[in-house]
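Here's the structure we're looking at; comments come further down.
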């Protein structure tokens, strides 16, 4: 078994560990943050961590009613013009904690007297060193270049922080069910492995998701690109309808991330429009009507709360990218031209 598959399959266990061992730490951070009472959040991240930051933007906005913005690190490292901050929690999300541009955002925020938080798998990293607080992902060593278990633990860390800030016991109870739901999603590997050959020669994939699923669409696209070298473009449903849908014709491959929730009608309308264009549809969902319309339907476990769906829906996307790379005979653990740690400035 290659490292990527091992790390994909480790996810239920590492999520369980983070929940059990990390909760007291997250509670303490939330208590300290309530003393500071930040009114805004600024997040710095790259790659998969940037997709986790997108999840944070929706979750902290919807549940904690905090306006969340994404940092532009080049303002710090190249232009020397960081924004003036006030009452702002600045979060850096990075698996390695070593990228200088992400570190620079937190370092500047700290100099401006703003509270800083690192979410990282490396608690002795430069990012952790400049942060007031650190959430340790506790994912263990991740050797495959494609991030999997560090991504889902980043999502869980964000979810735990949101719950702790809100003091919401009901949501805390829902968090406990995540590892079992992820384990159920891993069972989709059988059908994905059997059907991957169908997509061996696909040259372009469009991935669409919205709301909480928006970051998942971008992470699914990233995994397909870096593991299979397939041109892959992610969109929100709304952006896709504002022009890009014109590129879809017979046989165009479209992956819909539609786990269920307030956007059901939105996703159903899009699926119908894609059917009219005779697109090749891959659907990640728990909704029977959407799955029935797909050429490849990947059924999520029933009853996943919408706010936690990104932790579960990304698993079949990881498996799809992995099995497609395997069907193409590509390097699984070391995709061409990529390194495990990318230090951008």
Being more than 30 Å from residue 5 (Cβ to Cβ), touching a strand residue (DSSP E or B) at 6+ places or on another chain (Cβ under 8 Å) and assigned to a helix (DSSP H, G or I) is the filter here, so list the residues in the stretch 224-246 that pass it. 237, 240, 244
Taking the stretch 248-303, which residues are without any contact (Cβ under 8 Å) to a residue 24 or more places away in the chain and part of a helix (DSSP H, G or I)? 264, 265, 268, 269, 271, 272, 275, 276, 288, 289, 291, 292
Single unsatisfied condition, residue 256 versus (1) more than 29 Å from residue 158 (Cβ to Cβ); (2) surrounded by 21 or more Cβ atoms within 10 Å (Cβ to Cβ): (1)
Those residues of the stretch 211-223 which are farther than 18 Å from residue 148 by Cβ and either part of a loop (DSSP other than H, G, I, E, B) or out of contact with any strand residue (DSSP E or B) (no Cβ under 9 Å at 6 or more places or on another chain) (or both), in sequence order: 211, 212
Which of the residues that make up the stretch 147-173 are crowded, with 22+ Cβ neighbours inside 10 Å and in a loop (DSSP other than H, G, I, E, B)? 147, 148
Right, residue 144: over 24 Å from residue 20 (Cα atoms), assigned to a loop (DSSP other than H, G, I, E, B) and within 19 Å of the chain's Cα centre (by Cα) or not? yes
For residues that are within 19 Å of the chain's Cα centre (by Cα) and over 30 Å from residue 334 (Cβ atoms), scanning just the stretch 220-238, find the one that is surrounded by the fewest Cβ atoms within 10 Å (Cβ to Cβ). 236
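Computed from the coordinates by the stated procedures, all read-outs in this text should not be read as laboratory data. Bear in mind that the values here come from a model prediction, so they are computed numbers and not experimental data. Cβ: placed from backbone, ideal geometry, glycine included. Neighbour counts: every protein chain shown.
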